[in-house]
Each structure stands twice: as structure tokens, then as C-alpha cells.
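Derivation of every value follows stated rules applied to the coordinates shown; laboratory data play no part. These numbers were taken from a predicted model, which means no experiment stands behind them. Cβ: placed from backbone, ideal geometry, glycine included. Neighbour counts: every protein chain shown.
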Amino acid sequence: MTTPTPTADASALPAHDVTDLGLTAEGVRRIDWAEREMPVLRLIRERFERERPLEGIRIGACLHVTTETANLMRTLKAGGADVVLAASNPLSTKDDVAAALVAEYGIATFARRGEDRDTYYSHLNAVADTHPLITMDDGCDLVSLLHSERPGQIAEVLAGTEETTTGVIRLKAMAADGALGFPVVAVNEAQTKHLFDNRYGTGQSTVDGILRATNILLAGRNVVIAGYGWVGRGIASRMAGMGAHVAIIEVDPVRALEALMDGYQVKTAADAAPWGELFVTATGNVNVFRREHFAAMQDGAIMANSGHFDAELDLKALREMAEGHVREARENVQEFDLGGKRVNLIAEGRLVNLGAAEGHPAAVMDMSFANQALCAEYVAKHHAELEAKVYVVPEAIDAEVARLKLAALGVTLDAMTPEQLAYVSSWQHGT
Ligand SMILES: NC(=O)c1ccc[n+]([C@@H]2O[C@H](COP(=O)([O-])OP(=O)(O)OC[C@H]3O[C@@H](n4cnc5c(N)ncnc54)[C@H](O)[C@@H]3O)[C@@H](O)[C@H]2O)c1
């Protein structure tokens, strides 16, 4: 465990515990690069600078410390907020970004890549010590900490926002138990978040991770994708676009039918195992591929997961079957010798788009974080009208994010004529 480092000149820099302030210049360069891909957040930042809707509000954020998050933090600060940031995952912290946040952008930051559990929680506590009025979570850790260890602070919090599926599930469980102490807006539920983030962001970055790790040719390859939700659809369309033969595994009949009519084969895991050459899981479920499937796979088969932690492949069974015959075939690729046959695993079965590539591109995070910024503004304004439950993102915010993104891309959309508006609003017109 480390303790927060006292700064050389405490009056010049905000409170922090980061790995190396010497990385600031590199962090600034990379934050600037991401910023070019985040026009919606830029437009919001410019408005926030003029209107200062978050003046005097302390925001405690627990998010992945990445270049995109840095641009969100800058936006909140431009709106007048006093922002304090800790990492939501010890492995996703970019140390150069953490340094730049502190030394260039004046944002209190507590994050070191690879920090141990105690340090992680000391950082979360450092955020909680500042008594945030708004919480901003990615996985509900800050909200959980306040509720479990600092119940006395709950009444101070006006509201929170939550970025991800897992966090929303935890919050809904808390609300159902009557345990949630303040309103939280589920940013993940915004259409301009999950439709684009899960489908286009994860779709592209999953292919990116697989290619970086293996450098295989996708054209002509048999690719099996488990799960045809937003993530699976995104991966499937990108794989097919690069010439792969795609088969989908599903348990939901509607999704399976959709996959079929989108032009893919639909197979069971048992039928897909000997057919596939590359397997990608995106179900949110556990042990989708198991012992019997590994046993049936071809020599040289490759597996990757882009769904739920590292639980979608039965790695325990895979290790047992290899009886210790495991080697690094390439960086990020483990080869398991199953007695005369080799199967390969990318990024240890963890999320391949984060483990072997750089996660979602900034242009996608632009919309997720635009929702975060606008939801922070919304709860700052409307907290008195909200109850201690989980709220969906207001439709007007979703539409505003889409409108700003289209404007930034130079696209104008049509508007209904007065005649059309009257027609669709009336019940008197029949056939
Ligand atoms: N890698 C990333 O960066 C990233 C980003 C977003 C979401 N995710 C994760 O990806 C997963 C999928 O997300 P989504 O938005 O597509 O969810 P979703 O619920 O829309 O889709 C999941 C699909 O998997 C199917 N499924 C469930 N169990 C199955 C099984 N045993 N075999 C075959 N299919 C099965 C379901 O029927 C469903 O259609 C989630 O765990 C989510 O947290 C990862």
C-alpha cells in the first residue's frame, strides 16, 4: 500500500497520488489526441465555460483513468465543478494521463496503474474524504463505499451517475432492498451510450485486440460468436465485413432468428466447436465454452472473450486438460497443448478489447461521456425533485447527444413539415 505523496509545492498542485508527474507531457499529448475525436464533449465544454452549471459542486469520480476520462474531467471543471478522481480499475489507469490531470489540468487524482487492493481503497477513500455532492461511478464502487462504510455522508450527496451495466445491476439491487440513499442516473441505459458503445466501440476494439494479438487473416476464416446482443452484433458485422464466415451461438430464439436473417449461420456450441477456427464470447454468461467444446476444437483454434470478466470460457477445465503444457505462443497469446492438439487463448480470457487493444475509441466515448456531463448538469439542477432510486437518462439528453454528434459530423437531418407533424399527431386521419 502507498500513501498519497505530498506534492513538492502543495499550493501549486491539487491533492494527488500518481506514479510519476514526469509523464505529464506525454499525457497531455495523448489527451489532446483523444480530444480531437470528442467533438460533442468539446461543444459541451464550451457551453459549460460560459454558463458554469456546476459552480460550487464537488464531484467525486471513480472512472477508468484514460485519455477520454481526462477530457470528461476537463469538461466538468469547465462547468465550475471541483472534481476529484480515483481509478475504477487498477489495471486500466494510464499513468501519463493521471500525471497530466494533476500537473496540467489541476484535477485532484488518485490513481496508479497496478495499485494493490489497499491502495485502490485508500484512493477511493481519498475521494470520499472530500465529501462529494455528486458521485460518478463506473461499477458502483464509490456508491458502495459511501453506503457500507460512510453512511453518515449519504445525506450530503445530491445524486450520482453510473456508467456501466454491472454498476446499474448493483444499484438496482440496492434500490430494491431500500438501501440506496440518493438518486442515481444510469448513463449506461442511454441509447447514445449502449447502442454505440457496445456495438461499434466493442465491435471494433474486439477485432482490433484479436488482430494485434495474433495478426491472423480474417478473410475466409470460420468465426464463431457466442451471444447476439449489442456486443455480439457489432463483432459479427465487423468480422463479416472483413470476409470471415460467421456463425452465431444464441439461447434466445428472437436473437437467433435475427442473426439468421442478418445472414449468419446459427449453430449450437457443440456443432460450432469442430467448425470454428476463431471463437469469441460476448454473452455476459459463464462457461459458454467448456471441456467438451475444447476437446472437439480443431488444432490451432483461437479463443477470445469480450463479454463478462474472464468467466465466459471455462479456463479451469482448459488448464486441467493441458496438464501444465501451456506456453506463450506470442505476446498476449497462450497456447494450451491438449495432447496432440493446440488451442490458443488471447489475453488470458479477460476482455480482449482492453487486454490486447486500447478499449473503445475516443469517438465512441465522446457520446458516453457527453451523457455523463449532461447528466451531472441535470442532477445538479433537478436533485430536489428526484427520489433515492435508479433513473434512466432523460430522453431530451439522449436526443441532445445525438443531435450534437450529428452536428459535429456535419450532418443535417430532416424535419417534418407542418402537414406531416399534424398528420402523425392526429387520431382523426384514417385510411
Ligand atoms: N468488452 C467490452 O468493452 C464490453 C463493452 C460493453 C459490454 N460488455 C459486456 O458484453 C456482454 C454482452 O453485452 P451486450 O450488451 O451484448 O448484452 P446483451 O444482453 O444484449 O446480449 C447478450 C446475449 O447473449 C446471449 N446469451 C446468454 N447466454 C448465452 C449462452 N450460454 N450461449 C449463447 N448466448 C447466450 C443472450 O441471449 C443475449 O442475446 C456483457 O457481459 C457486457 O457487460 C463488454
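The fraction of all Cα pairs in the range 74-140 landing in successive 10 Å bins from 0 to the largest distance is 21, 55, 23, 1, given as whole percents. Using only Cα atoms, locate the centre of the range 15-83 and the centre of the range 161-175, then give the distance between them in Å, rounded to an integer. After rounding, the separation between the Cα centres reads 24 Å. Evaluating kT/(6 pi eta Rh) at 25 °C and 0.890 mPa s, with the Kirkwood radius of the chain over Cα pairs in the Stokes-Einstein relation, gives 106 µm² s⁻¹. Placing one equal scatterer on every Cα of the range 312-431 and applying the Debye formula, the log10 ratio I(q)/I(0) at q = 0.13, 0.17 Å⁻¹ is -0.81, -0.96. The alpha carbon convex hull volume per residue for the range 1-130 rounds to 95 Å³. Once C-alpha pairs closer than 8 Å and six or more residues apart are averaged by separation and normalised to the residue number of the chain, the relative contact order reads 16 percent.
Rg ratio for the range 290-349: its Cα radius of gyration over 2.2 N^0.38 Å, N being its residue count, equals 1.00. With contributions of -39500 (n - 2.57) from each DSSP H run of at least four residues, the per-residue ellipticity at 222 nm computed over the chain stands at -13000 deg cm²/dmol.
Considering all alpha-carbon pairs of the range 222-291, what whole percent are spaced by more than 15 angstrom? The answer is 43 percent, as a whole percent. Only beta bridges with both residues in the range 269-376 are counted; by DSSP, about 50 percent of them are antiparallel. Cα centroids of the range 109-130 and the range 255-289: how far apart, whole angstrom? So the separation of the two Cα centres works out to 40 Å. Only the Cβ atoms of Lys and Arg (+1) and of Asp and Glu (-1) were treated as charged; on that basis the dipole of the chain about its Cα centre amounts to roughly 560 debye.
Rounded to the nearest 5, the antiparallel percentage of DSSP beta bridges internal to the chain is 15%.
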